[in-house]
1. Dividing the alpha-carbon radius of gyration of segment 321-432 by 2.2 N^0.38 Å (N being the number of residues), what value is obtained?
2. Taking R0 as 41 Å, what's the FRET efficiency between SER155 and ASP225 from their Cβ-Cβ distance, rounded to 0.05?
3. Quick check: Cα centre of segment 279-308 to Cα centre of segment 192-209, how many Å?
4. Please list, by residue number, everything in segment 386-417 whose backbone N is under 14 Å from a paramagnetic label point 7 Å out along Cα→Cβ of ALA321.
5. Arrange the residues CYS358, CYS320 by how much accessible surface each exposes, largest first, with a 1.4 angstrom probe.
6. What is the distance in Å between the Cα centres of segment 117-158 and segment 357-427?
7. Give the accessible area for MET359 in Å² (nearest 10); use a 1.4 Å probe, count only protein heavy atoms, and leave out ligands, DNA and RNA.
8. What spacing in nm lies between the two simple spin-label points modelled at LYS442 and SER175, each 7 Å away from Cα in the Cβ direction?
Amino acid sequence: MPPNSSSAAIYSPKKTNSSSTSLLLQPFSFLWLLLFIVSLQVTILFMARAVPFYNRRTHFPNPVSDPCSSGRIFVYSLPPVFNQELLDNCHELDPWNSRCEALSNGGLGRKATGLSGVVPEELIPAWYWTDQFAMEVIYHNRILNHKCRTMEPDSATAFYIPFYAGLAVGKYLWSNYTTKDRDRYCEMILDWVRDQPYWNRSDGWDHFTTMGRITWDFRRSKNEDWGSRCIYMPGMRNITRLLIERNPWDYFDVGVPYPSGFHPRSDSDIFQWQHFVRNRQRDTLFCFAGAPRGAVKNDFRGLLLNQCMNASGLCRAVDCAGTRCSNGTSAILETFLDSDFCLQPRGDSFTRRSIFDCMVAGSIPVFFWHRTAYLQYQWFLPNDPKSYSVFIHRDEVKNGTSIQSVLQRYSREEVKKMREKVIEFIPKLIYAKPENGLESIKDAFDVAIDGVLKRNKEHEQPGYKWK
């Protein structure tokens, strides 16, 4: 065997042993690398946890959403005869009294007095003696300052007609005025609107207006009937109409809350009022505020007053036959604040402002007609009527059902839960004082405008008549 063969034979095994050692070390190197990576991640995690949450949020800002994603509103500049001149001649709007004070302060009316000790002192400036028919003025002032108002009609989703239909017809509903008197203003505004190119583009489907009275004041079928025939006139049929009472079977009628007296100045006013009514000590099971109709056979209001007066101290009644319920008195507000439930029969029509005075005070409404609220204000009230109200059919009451017995069946926990739902929805039932709205909370005006814009977006979809 050559000498170098032996050397090679001896060297070869050593080379093999070195390779094996290297292979054995590789798993340990990988393990150390893995441990290093894990420890680094843990360190980063602890460092991140040490950073305050509000600082971390600034590194990952949420994309800013478009507040006008549902569309923009163009406000027609009407001839003054349809709005401003009505306000200027406010002393002529009522055959008995001047309406100037009621329509002051942008429709909020005069500042409330006599509320010391009734509501928190710091919230008294948010209270006004607001007239129930001032809605048109309130909406007009708010919409002029709306964030989604546009001055370019080509970019508008909705067109607002600021005609004060309720104020215009109001004085003509009484005395010896003719049907021509009652119809005159509406005929004039429709003649004006029909000359506008954007109305003709859609035949009015993307237009809306406010009518600050109940729908029946504008639905005269025959000359001898009540009201004007404004809604039945050509041109009005396709316009969305915001009213304090709607016809439930007319798509273009939208019921919006009656103006009540509370007009918060800020989100803080809302929170403070909700806290106040939530923690209010209520000593009365139920209450009723209203005037009996002596001339009406089997008057239902009179029946409710009798049940209330015979409830052995569990019911508080405010008889509105005199002036106790007029604007400028706190009797009704105090009664609602002190009661768990408030009875809400129909008024002169199916609805009444008292519904909203009651709920703003945190009292739970008791209804006797479905059309008093459930079929009226769907945009503003909870979807489940039982979550915030009690329904007793009027015929049951006429047949002897005791309202007191029905209400006493609700446990304290059930009453608390229902009241909390009422309180949750208070913002949607009131009209804020600032003309540009509240900071973040949406009030009744905001809900109504959002609803109109959403509806008009739906009108742009295939299948709608004007498309």
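The values are calculated or read from the model by the stated rules, or taken from the named source; none is laboratory data. Bear in mind that the values here come from a model prediction, so they are computed numbers and not experimental data. Every residue, glycine as well, gets a Cβ built from its backbone with ideal geometry; the counts of neighbours run over all protein chains shown. Areas reflect the complete protein model, heavy atoms only, side chains present, ligands, DNA and RNA absent. Shrake-Rupley method; radii C 1.70, N 1.55, O 1.52, S 1.80 Å.
1. 1.05
2. Taking R0 as 41 Å, the efficiency between SER155 and ASP225 is 0.45.
3. First find each Cα centre; the distance between them is then 45 Å.
4. none
5. Largest accessible area first, the residues go CYS320, CYS358.
6. With segment 117-158 and segment 357-427 each reduced to a Cα centre, they are spaced 27 Å.
7. Rounded to the nearest 10, the figure is 0 Å².
8. 4.3
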